[in-house]
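Down below is the structure, laid out as structure tokens.
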Amino acid sequence: MSVFTTLSLEEVRQWLTPFNIGELQTLRGIAAGITNTNYFVETSQARYVLTVFEKNDFDELPYFVHLLAHLSRHGVLCPRPIADSNGVALHRIHGKPALMVSCLKGSDVDQPNLAQIEAVALTLARMHFAGLDFNEQSHNQRGQGWRAMTAQQVMPKLTAVQQHLLQEELEFQHGLDLSDVPHGVIHGDLFRDNVLFDGDALGGFIDFYYACHDVLAYDVAIAVNEWCVDANGHFVDEKLAVFMNAYQSVRAFTPAEKTHWPALLRRAALRFWLSRLYDFHYPVAGELTHAKDPAHFERVLLNRKAFT
């Protein structure tokens, strides 16, 4: 992600002392995203990713470490936490929590083809199944309370039309009862820059730090709002059909999920409209930071409301 915490080669070399992973050779900041600091760490043995957590408290993070380890053991393509010689993976650097994980093959794609979209859908469904026997839970950091608080912060920055749209959608989402739909581990942020490909082969899902226990179909809604739309936020029918057919070939939607699907698509659009509005109007100073355009998810939300 963006570099908010600047680290030197010597600092990281000292930090790596308890790890048995060879000699540090190179350190490079990763200029993408807007939440945590990430570096590529290359040693004489392998390449890793070091994440410095900018917003999470230390005691919030064991869930993510244990989840990644669990998914890795179940064959889900994702980063594997790297533990030191004492079996400890989570440490501190600059007083902030830090975790090093395996570096997956491939890179993100800007314009995914149908084979890549199918691979994402299949892997997401398998991840949802693998998470069913994960015995820890974490609340959704971007749930109802966050939506209300963030909306209050960004509301003065919006036009009257946007304010009406936001208030109307908040009230609609607040009234939803999703108790009858399947819940489990969700990724929560499965955007194109969080999926790596080596050609058409999926290298893995990354950035699980919004993962939590929530509605599984909501995770699917987040994904299709990203992977299956055009620049105006409209669904591309062929892409949507490939994604949904692939996902449901592994885990079919229940009748309740089908009923709530249009509302979940709206909830997914609202979540990212709000987060992008906040990041745009209240940017955090960082070395390589950039905020994504909130107008895109405003268009997505308007499109989803039109078909509800």
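Numerical summary
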read-out: Asp219 being within 15 Å of Arg267 (Cα to Cα) and of a type in the set (Asp, Glu); value: yes
read-out: Residue that is nearest to Ser85 (Cα to Cα) [pool: residues in the range 9-54 that are open to solvent by 20 Å² or more (accessible area, probe 1.4 Å) and in contact with a helix residue (DSSP H, G or I) (Cβ under 7 Å, 6 or more places away or on another chain)]; value: Leu27
read-out: Conditions (1) modelled with pLDDT of 95 or more; (2) out of contact with any Pro (no Cβ under 8 Å at 6 or more places or on another chain); (3) not in a helix (DSSP H, G or I): number failed by Leu104; value: (2)
read-out: Some residue of the range 220-235 being modelled with pLDDT of 95 or more, under 22 Å from Ser72 (Cα atoms) and touching a helix residue (DSSP H, G or I) at 6+ places or on another chain (Cβ under 9 Å); value: yes
read-out: Among the candidates Leu61, Leu99, residue that is under 25 Å from Leu124 (Cα atoms) and buried (at least 20 other Cβ atoms within 10 Å of the Cβ); value: Leu99
read-out: Pairs where the first residue, in the range 292-308, is in contact (Cβ under 8 Å) with a residue 40 or more places away in the chain and within 16 Å of Cys228 (Cα to Cα) and the second is open to solvent by less than 50 Å² (accessible area, probe 1.4 Å) and among the polar types (S, T, N, Q), C-beta under 6 Å, 6+ apart; value: Val300/Asn225
read-out: Residue count, the range 128-167 (criterion: open to solvent by less than 80 Å² (accessible area, probe 1.4 Å) and of a type in the set (Asp, Glu)); value: 1
read-out: Helices (runs of 4 or more DSSP H) enclosed by the range 192-297 - at least 1 residues per element that are open to solvent by 50 Å² or more (accessible area, probe 1.4 Å) and polar (S, T, N, Q); value: 237-250, 255-281
read-out: Near pairs, Cβ below 8 angstrom, 6+ apart or cross-chain, from the range 16-32 (modelled with pLDDT of 95 or more) to any residue that is surrounded by 13 or more Cβ atoms within 10 Å (Cβ to Cβ) and basic (Lys, Arg); value: Leu24/Arg13
read-out: Flag if Glu171 is open to solvent by 50 Å² or more (accessible area, probe 1.4 Å) and part of a loop (DSSP other than H, G, I, E, B); value: no
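The values are calculated or read from the model by the stated rules, or taken from the named source; none is laboratory data. Note that the coordinates shown come from a computational prediction; the quantities given were computed from them, not determined experimentally. Methodologically, a virtual Cβ is constructed for each residue, glycine included, from the backbone with ideal geometry; neighbour enumeration extends over all protein chains shown. Please note that ligands, DNA and RNA were not included when accessible areas were found on the heavy atoms of the full protein model with its side chains. Shrake-Rupley method; radii C 1.70, N 1.55, O 1.52, S 1.80 Å.
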